[in-house]
Amino acid sequence: MAGKAKTVFFCKECGQESTKWMGQCPGCKEWNTFVEEPVKKTAAPVYTAGVLSGKRTEPQRLDEVSSATEARLSSGLTELDRVLGGGIVNGSLVLVGGDPGIGKSTLLLQMCSRLAEREQILYISGEESLHQIKMRADRLEKASGNLLLLSETSLDAIEKVIEEKKPQLVVIDSIQTMFREDIAASPGSVSQVRETTSSLMRLAKGLGVTIFIVGHVTKEGVVAGPRVLEHMVDTVLYFEGDSNASYRILRAVKNRFGSTNEIGVFEMRGTGLEEIHNPSEYMLQGRPEGEAGSVVTAMLEGSRILLVEVQALVCQTNFNMPRRTAAGTDYNRVNLLMAVLEKRLGIQLSFCDAYLNVAGGMRINEPALDLAIVMALLSSYKNRPVASGTIVFGEVGLTGEVRGVSQAEQRVAEAKKLGYENCILPAANLEHMKKLQSKQEGIKLIGVRNVKELFSLLD
Ligand code: TYD
Ligand code: MG
């Protein structure tokens, strides 16, 4: 009797497995993400430290384990090194995720051509032909002749090439095009993506080669997203950006060899990605001077301070329900802050439309943005510009009090570096800085206790 081929269901968002179809994934709570796939023939390999290191499994005393730090290799791009925690760790498996077309292939090809000057590098593409890669490489900087290219999607073939050529670093672009012949599911399915990644993991740990995997983020569609792989790899980087803006942010969301607090900033140009070492200056380009409703604030992104501009437009409404929008920050937070202003200052914002925008396409949800939002709203409401060369940061509470925020000194220092002369900050932060007697020459610090004090600064 020919039995029906066995299948299981996978969530293509998080990889949750089930014997029957479900409308909502119990793992990630996404709807309609279960897809049916044939059961794989071979059992998944079980990882143990012994398998990974090739030695017998035996426990070791903690103090006897050598504490030598991992050998790191500079990628040739300082922004990428920073996000990786100081360079590429040999033998690590790194996932680079992001929307299609954001620039993942460009970033990795640039990294490869710089690395190829010193090391043996292999770039494997399952999406583009060698000719296409060459054309792209020619548009970028001069590529070294040592860079090996391969257009291949079969993992068995790739394994052989890696074992033969023994490169220092391999790029797999993208994991959704790769397949293993012993697995019946199609490329991009949850089981293929999982199994090919675990094969690559074994290669990386067994041979000590570093492997970078590209994974497309997929909203709708049949391919499995990078989230399925996050727990398997050492480091997960996401490449993000607004499709309308040219800057791109590289962010670590998981890193076994460093902090996840780092970001790298790039700009997409005609000649590839350019590193931006001073993002604040870049974000503030083209800012209007002396206009009401425009405020500069200092935000914390990872361990970096970024100066960004917040704009507000408050005008009398022609509707019963005033219109409110917030671009680049939380809409409900803006509504809440407007309610605080209405109550604590007695101004009638409920008769006003209000539009708020974080310029440059950044998305910020840090509480320290509150005071800048409030200042921008008040400045536009009163039609009074904020004194030029001023930055504003602080958290605002429900009673209108201004609360201290973390890393105030660093924020002030970044503003000073860019030539700002005044800084409006929470009084609590100012007192703390005075106590520490930290030197803040060349910039005037104005502490505010509540939104009333802030409002009076606009007179
Ligand atoms: P790509 O690296 O192919 O994206 P991904 O691999 O993440 O899908 O980048 C594609 C986009 O980048 C494409 O829309 C064109 C743009 N681009 C430039 O603006 N300048 C360049 O030098 C290159 C190579 C690409
Ligand atoms: Mg690509």
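What follows draws every value from the coordinates through simple rules; no lab data is involved. Keep in mind the model is a prediction, meaning the values are calculated, not measured. Here the Cβ positions follow ideal geometry from the backbone for every residue, glycine too, while neighbour counts run over all protein chains shown.
Give the average over all directions of the projected area of the C-alpha convex hull of the range 331-408, one decimal, in nm². Could you put the intermediate results ahead of the total?
Details: hull surface 23.1 nm².
Value for the range 331-408: 5.8 nm².
Here's how it looks for Asn255: its modeled amide H is under 5 Å from those of Val236, which are all 5 or more places away or on a different chain. Taking the helices alone, the chain has a mean residue ellipticity at 222 nm of -8000 deg cm²/dmol, built from -39,500 (n - 2.57) per DSSP H run of at least 4 residues and averaged over all its residues. Computed from the alpha carbon atoms alone, the convex hull of the range 73-277 holds 111 Å³ per residue. Of all aspartates and glutamates in the structure, the ones whose alpha carbon falls short of 13 Å from that of Lys452, not counting any fewer than 8 places away in one chain, are Glu342, Glu401. Each principal axis of the Cα cloud of the range 238-308 was evaluated for its coordinate range; sorted largest first, these ranges are 46, 30, 19 Å. Distance distribution note for the range 234-277: the fraction of Cα pairs above 15 angstrom is 46%.
Spatial offset of the range 229-279 relative to the range 357-429 amounts to 26 Å, using the alpha carbon center of each.
Counting other C-beta atoms within 10 Å, and keeping those with at most 10, which DSSP coil GluC sites (Glu not before Pro) do you find in the range 263-371?
Glu289
For the range 282-456, averaging the sequence separation of C-alpha pairs within contact (under 8 Å, six or more residues apart) and dividing by the residue count gives a relative contact order of 25 percent.
Only Cα sites of the range 72-194 enter the Debye sum here, all with the same form factor; the resulting log10 I(q)/I(0) across q = 0.17, 0.20, 0.21 1/Å is -0.92, -1.26, -1.37, listed in q order. The C-alpha atoms of the chain define a longest principal axis, and helix 408-417 lies at about 80 degrees to it.
With respect to the cross-link table entries Lys382/Lys434; Lys254/Lys444; Lys134/Lys160; Lys6/Lys29; Lys6/Lys166; Lys166/Lys254, which display a Cα-Cα separation exceeding 29 Å? Don't skip to the answer; put the middle values down first.
Working: Lys382/Lys434 32 Å; Lys254/Lys444 39 Å; Lys134/Lys160 23 Å; Lys6/Lys29 26 Å; Lys6/Lys166 38 Å; Lys166/Lys254 27 Å.
Too far apart for the 29 Å limit: Lys382/Lys434; Lys254/Lys444; Lys6/Lys166.
Mean projected area of the Cα convex hull of the chain, taken over all directions, amounts to 29.3 nm².
Would you please calculate the Kirkwood hydrodynamic radius of the range 168-268 over all C-alpha pairs and express it in Å, rounded to one decimal?
Working: mean 1/r = 0.0677 Å⁻¹.
Taking the inverse mean of 1/r over all distinct Cα pairs, the range 168-268 comes out at 14.8 Å.
Per 10 Å bin, what percent of the C-alpha pairs of the range 404-459 does each bin hold, from zero upward? In order of increasing distance, the bins hold 23, 55, 22, 0 percent.
One way to sum up the overall shape of the range 246-391 is the equivalent ellipsoid from its Cα gyration tensor, whose semi-axes run 32, 17, 14 Å, largest first. Proximity of backbone amide H atoms, modeled 1.01 Å from N, is registered between Ile391 and Asn422, Cys423, Ile424 at under 5 Å, excluding neighbours fewer than 5 places apart on the same chain. Rounded to the nearest Hz, the phi-derived 3J(HN,Hα) couplings of the range 258-263 under the Karplus curve 6.51 cos²θ - 1.76 cosθ + 1.60 (θ = phi - 60°) are x, 7, 9, 8, 9, 10, where x marks glycine and proline. Remark: the range 99-115, residue by residue, has Karplus-estimated 3J(HN,Hα) of 5, x, x, 7, x, 5, 5, 4, 4, 6, 5, 5, 4, 4, 5, 6, 5 Hz, where x stands for each Gly or Pro and the curve is 6.51 cos²θ - 1.76 cosθ + 1.60 at θ = phi - 60°. Rounded to the nearest 10 degrees, the inclination of helix 190-207 to the longest alpha-carbon principal axis of the chain is 80 degrees. Legend note: in the chain, cysteines whose Cβ sits 4.7 Å or more from every other cysteine Cβ are Cys112, Cys315, Cys352, Cys423. Note on the range 347-459: semi-axes of the ellipsoid equivalent to its C-alpha gyration tensor, largest first and rounded to whole Å, are 24, 16, 14.
For the chain, what proportion of DSSP beta bridges, expressed in % and rounded to the nearest 5, is antiparallel? Mind showing how you got there, number by number?
Values: 43 of 82 bridges.
So the antiparallel bridges in the chain amount to around 50 percent.
Please list, by residue number, every one of the trypsin sites (Lys or Arg not before Pro) in the range 280-367 that is coil in DSSP and has at most 10 other beta-carbon atoms within 10 Å.
Taking the range 280-367 and a limit of 10 other Cβ atoms within 10 Å, no loop trypsin sites (Lys or Arg not before Pro) are found.
Computed on the chain, with alpha-carbon pairs under 8 angstrom and 6+ residues apart, the relative contact order is 12 percent.
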